[in-house]
Amino acid sequence: MSSLQESLSEYGEVMLRAIATQWQVAEDDAEALPARLAEAMRDPARLRAFVDGLEPEARAALARVVAAGGAIRGYLLTQAYGQVRRLGPRAIEREQPWRHPASATERLWYAGLLFRRYGRLGGYHGEVYYIAQDLLGLLPLEASRAAGPALQPVAQPGPPRDEGLALALDLETLLARLRLAPVASGGASPARARGRRPAPAEPGRLAVALLSPLSPRWRGAADPERLALLEHLALRARLVSKREGQFQVGAPARAWLQLGLFQRQKLLFQAWRSDPFWNELWRVPGLRCEQTGWRNDPRLPRAALLDALRRSPDGWLRLADLIAALKAAQPDLARPDGDYDSWYIRDATTGQYLQGFAHWDDVEGALIAHLVTRSLFWLGVVALAGEPAQAFRLTATGRALLDLAPGPAPSGLPPIAVRDDRTIVAPPDASAYDRVRLERLARWVGREGEADLFQIDAESLWQALNAGITAPQIIAFLTRASRRPLPAPAAQAIEQQAASHGRVSLRQAILLQAADAETLRRLRNDAELAQRFGAVVSERAILVPEEHLPQVLERLKSLGLWPRLDGSLAPSPGRAPVWSAHGRSRGTPPSEGSGGAGTTGSAS
């Protein structure tokens with residue numbers, strides 16, 4: 001910034017005399033006037049008296065520039081405190097605008113307290129208003145107070161809503177389900193497959209696949225956007241990965257599940273805070289963003305908002321007050337370059353383009369509200385009150401996540417409880433690793449207070465035994481997780497069912513049927529085929545183990561016996577045939593027009 005004398009020297013004689021009149025400086029020597037004016041204006045007593053005599057709005061405008069470090073983007077000041085009219089020398093002499101200024105900005109301009117130039121200010125390039133460098137430090141304390149509305153606590157406007165640590169618990173549930181049955185990833189999301197961004201309420205593929213099966217179990221809202229965020233953060237933190245066309249539990253999930261509940265939530269919060277890809281602006285329901293090449297960084301408004309929350313007072317605060325405070329103190333939180341014309345955003349209802357700083361409340365204001373009432377609410381940082389939300393407050397979890405208070409002290413995880421009837425009570429803060437393992441041998445049946453209830457019934461135990469888990473392993477796990485011996489009735493029921501398991505077996509195999517008994521005898525006498533056949537079913541049928549199917553097919557074809565493929569072996573659109581062997585492409589079908597002396601099909 002220039003010095004006061006340098007800035008004054010750029011003015012013509014009429015402007016200098018106008019300023020001198022207000023500061024009561026003799027106007028007889030025009031060439032010496034900048035130096036004499038600068039000396040008079042830098043006198044502390046004179047400066048204090050002049051500033052004290054300004055109108056309140058002019059003092060507030062001056063404070064706004066001081067709070068910004070002595071220089072401010074022009075549109076920010078004029079939007080709040082009015083424009084400066086462009087008057088020529090004759091108009092200045094005639095109208096004497098300092099006597100009846102059109103705005104607070106104009107009052108400071110004609111008093112020589114504020115100057116204007118074009119240049120850079122951070123990432124912004126354009127009109128800048130500034131206070132002369134050697135005058136800035138002399139301004140009285142009253143003028144250097146930060147401008148903008150202060151946040152004041154209010155009465156709670158309605159019943160509070162707090163999601164707490166539900167996001168971490170719901171992700172635990174998702175991982176448990178995914179561990180049992182991976183979900184097809186199917187490539188790009190439905191929106192991206194159609195070449196557009198997701199709609200505000202459009203979940204991802206994983207959330208869609210589990211939306212219905214897990215809907216009774218979500219602890220937080222089953223809001224599609226929340227479930228999409230849950231999926232996104234799981235992928236972002238690599239707790240879920242995409243492998244071989246499927247969503248699967250990621251390698252870091254085990255370590256995450258072994259953390260305490262707050263630490264698991266903290267990891268999700270940190271993943272969200274630094275994530276450049278989850279873009280809330282594109283999900284604000286009232287906005288329709290158009291893809292015309294412009295970009296926004298969603299991390300910037302998050303950082304500004306979290307900083308404002310750290311400095312906010314305790315208690316319930318009005319959402320509208322927070323938006324107004326950020327508009328006054330940090331309006332460029334989402335657009336650091338100050339360009340309010342290059343984003344192509346429409347009002348979703350009217351279709352009107354929302355360009356220019358005049359639409360700040362429609363865009364940035366709506367984004368701040370969305371961040372508070374959606375992302376920060378779901379992450380447990382804030383509680384909400386009113387419907388729709390009118391007020392918010394930081395939660396104990398939020399204060400810990402923002403490093404305003406220590407997190408919960410590490411303590412022993414509570415055990416699960418196993419009842420005589422094999423009902424298992426799992427507190428939400430019990431070991432998440434144990435809670436996920438429970439899903440392999442027990443069925444979720446509901447909740448008792450905040451605790452989840454699981455039931456080891458005949459069906460769930462049968463599935464566990466078929467997965468290779470033995471009764472001693474089940475009893476040992478439940479004993480360790482509950483920290484006490486298993487109730488005798490529960491242990492006996494598990495052992496009894498396990499004892500009867502396997503007396504009857506079902507196994508999937510391939511059934512080869514020959515046209516007649518002689519053909520089958522000939523095949524069984526073939527040395528290569530004989531070692532790959534399974535049990536004989538009848539004089540015309542024999543089983544082929546699945547792992548030997550490719551070699552059996554190749555041998556049959558080499559003998560001139562081209563089998564007809566039935567059932568699940570038959571080729572169908574979208575599914576690769578099964579006849580490959582020894583590196584041959586799975587897409588190469590058998591020769592057309594060949595004869596067949598037999599049929600192969602699946603049998604269970």
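The values are calculated or read from the model by the stated rules, or taken from the named source; none is laboratory data. Not measured: the values here are computed from a predicted model. Using ideal geometry, Cβ is built from the backbone for each residue, glycine included, and neighbour counts are taken over all protein chains shown.
Okay, here's what the table says:
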item: Given (1) assigned to a strand (DSSP E or B); (2) within 23 Å of residue 229 (Cβ to Cβ), number of the condition residue 374 does not satisfy; result: (1)
item: Which listed residue, of 62, 76, 108, is under 28 Å from residue 360 (Cα atoms) and at pLDDT 95 or above; result: 108
item: Positions within the stretch 528-560 being part of a loop (DSSP other than H, G, I, E, B), among the aliphatic types (A, V, I, L, M) and touching a strand residue (DSSP E or B) at 6+ places or on another chain (Cβ under 6 Å), in sequence order; result: 535
item: Enumeration of residues in the stretch 233-260 that are in a helix (DSSP H, G or I) and surrounded by fewer than 21 Cβ atoms within 10 Å (Cβ to Cβ); result: 235, 236, 254, 255
item: So residue 65, is it in the same structural domain as residue 129 (by TED's automatic domain parsing), touching a strand residue (DSSP E or B) at 6+ places or on another chain (Cβ under 7 Å), part of a helix (DSSP H, G or I) and surrounded by 17 or more Cβ atoms within 10 Å (Cβ to Cβ); result: yes
item: Hey, residue 443 of a type in the set (D, E, K, R) and closer than 30 Å to residue 322 by Cα or not; result: no
item: Selection within the stretch 405-429 - modelled with pLDDT of 95 or more and among the small types (Gly, Ala, Ser); result: 417, 426
item: Failed condition for residue 86, given (1) over 49 Å from the mean Cα position of the chain (by Cα); (2) in a loop (DSSP other than H, G, I, E, B); result: (1)
item: Condition check for residue 478: assigned to a helix (DSSP H, G or I) and in contact with a strand residue (DSSP E or B) (Cβ under 9 Å, 6 or more places away or on another chain); result: yes
item: Test: residue 434 is outside any loop (DSSP other than H, G, I, E, B), touching a residue at least 40 places away in the same chain (Cβ under 8 Å), closer than 30 Å to residue 376 by Cα and not assigned by TED's automatic domain parsing to the domain that holds residue 313; result: yes
item: Test result for residue 341, more than 24 Å from the chain's Cα centre (by Cα), assigned by TED's automatic domain parsing to the domain that holds residue 286, free of Cβ contacts under 8 Å to residues at least 40 places away in the same chain and surrounded by fewer than 16 Cβ atoms within 10 Å (Cβ to Cβ); result: yes
item: Within the stretch 1-25, tally of residues that are in a helix (DSSP H, G or I), of a type outside the set (S, T, N, Q) and closer than 14 Å to residue 93 by Cβ; result: 8
item: Filter result for the condition that a residue is surrounded by fewer than 18 Cβ atoms within 10 Å (Cβ to Cβ), closer than 25 Å to residue 172 by Cβ and modelled with pLDDT of 95 or more, over 478, 453; result: 453
item: Exclusive hit being touching a residue at least 24 places away in the same chain (Cβ under 8 Å), farther than 25 Å from residue 216 by Cβ, not assigned by TED's automatic domain parsing to the domain that holds residue 253 and not acidic (Asp, Glu), set 487, 428; result: 487
item: Residue 328 vs. criteria in a helix (DSSP H, G or I) and in contact with a Gly (Cβ under 7 Å, 6 or more places away or on another chain); result: yes
item: Test: residue in the stretch 344-364 that is in contact with a helix residue (DSSP H, G or I) (Cβ under 8 Å, 6 or more places away or on another chain), in the same structural domain as residue 270 (by TED's automatic domain parsing), modelled with pLDDT of 95 or more and closer than 15 Å to residue 303 by Cα; result: yes
item: Total residues in the stretch 214-232, condition surrounded by fewer than 18 Cβ atoms within 10 Å (Cβ to Cβ) and either within 17 Å of residue 439 (Cα to Cα) or of a type in the set (Phe, Trp, Tyr) (or both); result: 2
item: Listing of helices (runs of 4 or more DSSP H) fully contained in the stretch 124-228 that carry 2 or more residues being modelled with pLDDT under 90 and in contact with a Pro (Cβ under 8 Å, 6 or more places away or on another chain); result: 190-193, 205-214
item: Tally of residues being part of a loop (DSSP other than H, G, I, E, B) and either touching a strand residue (DSSP E or B) at 6+ places or on another chain (Cβ under 6 Å) or crowded, with 18+ Cβ neighbours inside 10 Å (or both) across the stretch 261-293; result: 2
item: Hits in the stretch 294-325 (condition: among the acidic types (Asp, Glu) and assigned to a loop (DSSP other than H, G, I, E, B)); result: 297, 314
item: Meets criteria (at pLDDT below 75, within 22 Å of residue 508 (Cα to Cα) and exposed (fewer than 11 other Cβ atoms within 10 Å of the Cβ)) for residue 604; result: yes
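Here is a yes/no grid of residues against (1) more than 13 Å from residue 108 (Cβ to Cβ); (2) in contact (Cβ under 8 Å) with a residue 60 or more places away in the chain; (3) charged (D, E, K, R):
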| site | (1), (2), (3) |
| --- | --- |
| 40 | yes, no, no |
| 44 | yes, yes, no |
| 50 | no, yes, no |
| 69 | yes, no, no |
| 82 | no, no, no |
| 86 | yes, no, yes |
| 91 | yes, no, no |
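Quick grid of which residues meet (1) closer than 23 Å to residue 127 by Cα; (2) out of contact with any strand residue (DSSP E or B) (no Cβ under 9 Å at 6 or more places or on another chain); (3) surrounded by fewer than 17 Cβ atoms within 10 Å (Cβ to Cβ):
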| residue | (1), (2), (3) |
| --- | --- |
| 1 | yes, no, no |
| 8 | yes, no, no |
| 13 | no, yes, yes |
| 19 | yes, yes, no |
| 44 | no, yes, yes |
| 49 | no, yes, yes |
| 52 | no, yes, yes |
